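*Asks:* Got a structure for you, questions after.
Read the figures in this text as sums done on the coordinates, not as results from a lab. Small disclaimer: the values here were computed from a predicted structure and weren't measured. Here the Cβ positions follow ideal geometry from the backbone for every residue, glycine too, while neighbour counts run over all protein chains shown.
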Amino acid sequence: MSRSSIIVIGAGLSGLATAYFLKKKRMNVLVLEANTKIGGRIQTIIGNNSATMEMGATWFGRQHPNLLAFLKEIELDYFRQHTQGISLFETMSFVPPQKFEIPDSDEPSYRLAGGTSKLIEKLANYIGLEYIKLDTRIVEITDKGSEVALKDDKGYLYLASQVVITVPPNLAINTIAYVPALPKALTELALSTHTWMGESIKFAVEYASPFWKQKQYSGALFSHVGIITEMYDHSAYDNSSFALMGFLNGSTNVLTKQARQDKVIKQLVQCYGAEAENFVTYHEKVWREDILTFCPYNDLVMAHQNNGDALYQNSFINSKLHFAGSETATENPGYMDGAIVAAQTISSKLK
């Protein structure tokens, strides 16, 4: 049995940011993570040619002021997403893609230099790896009067004065038992709260050279007909490595990885020519298969449904249990900006 002042469940961005802010207040914090690695829905894959390819959270912009201010605070650099050149839009299968250019006047998107995982690494180093316990899946939370007892799937107990849950609400309700039971209104809300990225399939194709740029293409592709529905150039900030990255049609989760890869390459060849066949590596992430992130809904849940609901700002189990995942944020819920907002909000309340 171990005892901490505050236990944070989940070592994704919101969980680590919460621990970061609490550590700045010199509070005793322990982060418990069910996975064998940190990061949650931030996952950066390094390719054979050192391309950094994002399987999770990637872009942000000036509409995310809380994240931008936080990146400045922890001194992380970012760069503008490449959009120069000819972009493609596939409207129908029997006609060539429409060509267009994204105006420079459009609001830019940004990416973190070196990959989004740099943000996770920076936070973990500040918190201290000794305060982040991996492979620890909490299955029960029980009110013990002045403390809360948490039991993991191996039977080990943890005691804390306060508990902050930062995993998606739907997952938290489906995978953890609460004693006493949480209010029915909260349970019903969580079960119908959308988990951001949950239904997404992200992919990336690494190349030895940016042949699309050499042909004056931006690497941006939008399609109503192919397996790739949205795609962008994903070359490194210093052009030292090259990739294309985006989203696949969510219904193709029923296919094998090889079948999806074949369809992706075929679509890229149709759009950019035979050079697209000469890729270095192919990667993908089917988020609905990640049981530590996504839990199927009981009923139809729409994108962003119930994200940021006011009920998540309340405390439970006699004010000792709190929800502070990105989906609970009062601003930009579901996004990285929302994760920072949720972390700042809860850390300001705890003493």
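*Asks:* Helix-only estimate, please: 222 nm mean residue ellipticity of the chain, summing -39500 (n - 2.57) across DSSP H runs of length 4 or more and dividing by its residues, to the nearest 500.
*Replies:* Only helices count here, giving -7000 deg cm²/dmol.
*Asks:* Give the long-range amide H neighbours of ILE42: residues separated by 5 or more places, or on another chain, with amide H under 5 Å away, using H modelled in the peptide plane at 1.01 Å from N.
*Replies:* LEU13, ALA57
*Asks:* Would you list, by chain and number, the lysines whose Cα falls below 19 Å from the Cα of LYS151, excluding same-chain residues fewer than 8 positions away?
*Replies:* Of all the lysines, those that pass the test against LYS151 - Cα under 19 Å, at least 8 places apart if same chain - are LYS133, LYS320.
*Asks:* Over the stretch 198-262, what is the relative contact order in whole percent, taking alpha-carbon pairs under 8 Å and six or more residues apart?
*Replies:* Numbers: 95 pairs, mean separation 23.8, N = 65.
It rounds to 37 percent for the stretch 198-262.
*Asks:* Now, a different point. I need the fraction of alpha carbon pairs in the stretch 1-116 separated by more than 18 Å, rounded to a whole percent.
*Replies:* 67 percent
*Asks:* How big is the charge dipole of the chain about its Cα centre, in debye rounded to the nearest 20, if each Lys and Arg gets +1 on its Cβ and each Asp and Glu gets -1 on its Cβ?
*Replies:* Approximately 900 debye in magnitude.
*Asks:* Could you tell me which residue out of PHE316, PHE242, ALA190 lies farthest along the dipole of the chain toward its positive end? Charges go on the beta carbon: Lys and Arg +1, Asp and Glu -1, centred on the Cα centre.
*Replies:* Checking the options against the dipole of the chain, the answer is PHE316.
*Asks:* Residue farthest toward the positive end of the dipole of the chain, with Cβ of Lys/Arg at +1 and Asp/Glu at -1: which of ILE265, HIS82, SER50?
*Replies:* Comparing the listed Cα positions along the dipole, SER50 ranks first.
*Asks:* Using unit Cβ charges (K, R positive; D, E negative) and no other charged atoms, how large, in debye to the nearest 20, is the dipole of the stretch 87-168 about its Cα centre? Present the calculation step by step, with values, prior to reporting the outcome.
*Replies:* Working: 9 positive and 13 negative charges, 59 e Å.
Taking the Cα centre of the stretch 87-168 as origin, the dipole is about 280 debye.
*Asks:* Could you derive backbone 3J(HN,Hα) for the stretch 77-92 from the dihedral phi with the Karplus parameters 6.51, -1.76 and 1.60 (θ = phi - 60°), listing whole Hz in sequence and x where the residue is Gly or Pro?
*Replies:* 8, 9, 9, 6, 4, 5, 9, 6, x, 7, 9, 10, 9, 8, 9, 9
*Asks:* Please give the peptides 333-342, 153-162, 196-205 ranked by average Cβ packing (other Cβ atoms within 10 Å per residue), highest first, as a rough proxy for protection.
*Replies:* With the highest mean Cβ count within 10 Å placed first, the list reads 333-342, 196-205, 153-162.
*Asks:* Using θ = phi - 60° and the Karplus relation 6.51 cos²θ - 1.76 cosθ + 1.60, list the HN-Hα couplings for the stretch 146-159 in order, rounded to whole Hz, with x at every Gly or Pro.
*Replies:* 7, 9, 10, 9, 10, 10, 8, 6, 9, x, 7, 10, 10, 10
*Asks:* Return one number: the angle in degrees, 0 to 90 and rounded to the nearest 10, between the long axis of the Cα atoms of helix 13-24 and the longest principal axis of the Cα atoms of the chain.
*Replies:* So the inclination is approximately 50 degrees.
*Asks:* Over 21 Å, how big is the tail of the calculated P(r) for the stretch 178-269, in percent of all Cα pairs?
*Replies:* Distances greater than 21 Å cover 47 percent of the Cα pairs.
*Asks:* Over 5 Å intervals from 0, what percent of Cα-Cα pairs in the stretch 224-343 sits in each interval?
*Replies:* Reading the bins upward from 0: 2, 9, 13, 16, 15, 13, 11, 9, 6, 3, 1, 1, 0.
*Asks:* How large is the Rg to Rh ratio of the stretch 1-49 when both quantities use alpha carbon positions and Rh follows Kirkwood?
*Replies:* Values: Rg = 13.3 Å, Rh = 12.0 Å.
Checking Rg against Rh, the ratio lands at 1.10.
*Asks:* Moving to a separate point now. Arrange the peptides 120-129, 181-190, 319-328 so that the one whose residues have, on average, the most other Cβ atoms within 10 Å appears first.
*Replies:* 319-328, 120-129, 181-190
*Asks:* Along the principal axes of its C-alpha atoms, what lengths does the chain span, in descending order and rounded to whole Å?
*Replies:* On the principal axes, the chain reaches 66, 42, 36 Å in Cα extent.
*Asks:* Go through ILE6, ILE120, GLN216 and say which Cα lies farthest out towards the positive end of the charge dipole of the chain; charges sit on Cβ, +1 for Lys and Arg, -1 for Asp and Glu.
*Replies:* ILE6
*Asks:* Could I ask something else about it? The stretch 205-258: percent of C-alpha pairs farther apart than 18 Å? Each step should come with its number before you reach the end.
*Replies:* Working: 566 of 1431 pairs.
Result for the distance tail: 40 percent.
*Asks:* Quick one: THR36, THR136, fewest Cβ neighbours within 10 Å first, how do they rank?
*Replies:* Lowest to highest Cβ neighbour count: THR36, THR136.
*Asks:* Scan around ALA220 for amide H atoms under 5 Å from its own, H built in the peptide plane at 1.01 Å from N, and keep only partners 5 or more places away or cross-chain.
*Replies:* LEU88, ASP233
*Asks:* Give the relative contact order (percent, whole number) for the chain; include only Cα pairs under 8 Å separated by 6+ residues.
*Replies:* Reported relative contact order: 23 percent.
*Asks:* On average over all directions, what projected area in square nanometres does the stretch 84-160 have, based on the convex hull of its Cα atoms?
*Replies:* Approximately 11.7 nm², given one-decimal rounding.
*Asks:* What is the magnitude of the charge dipole of the stretch 187-313 about its Cα centre, with +1 placed on the Cβ of each Lys and Arg, -1 on the Cβ of each Asp and Glu, and no other charges, expressed in debye to the nearest 20?
*Replies:* Dipole of the stretch 187-313, to the nearest 20 debye: 360 debye.
*Asks:* Tell me the angle of helix 336-349 to the major Cα principal axis of the chain, expressed in degrees between 0 and 90 and rounded to the nearest ten.
*Replies:* Once rounded, the angle reads 20 degrees.
*Asks:* So what is the diffusion coefficient of the stretch 278-343 in µm² per second by Stokes-Einstein at 10 °C and 1.306 mPa s, using a Kirkwood Rh over Cα pairs?
*Replies:* 113 µm²/s
*Asks:* Okay, moving on. Under a crude label model (7 Å from the Cα following the beta-carbon direction), how far is ASP143 from ARG3 in nanometres?
*Replies:* Between ASP143 and ARG3, the simple spin-label model gives 2.1 nm.
*Asks:* Distance between the C-alpha centers of the stretch 172-215 and the stretch 258-298? Whole Å please.
*Replies:* 17 Å
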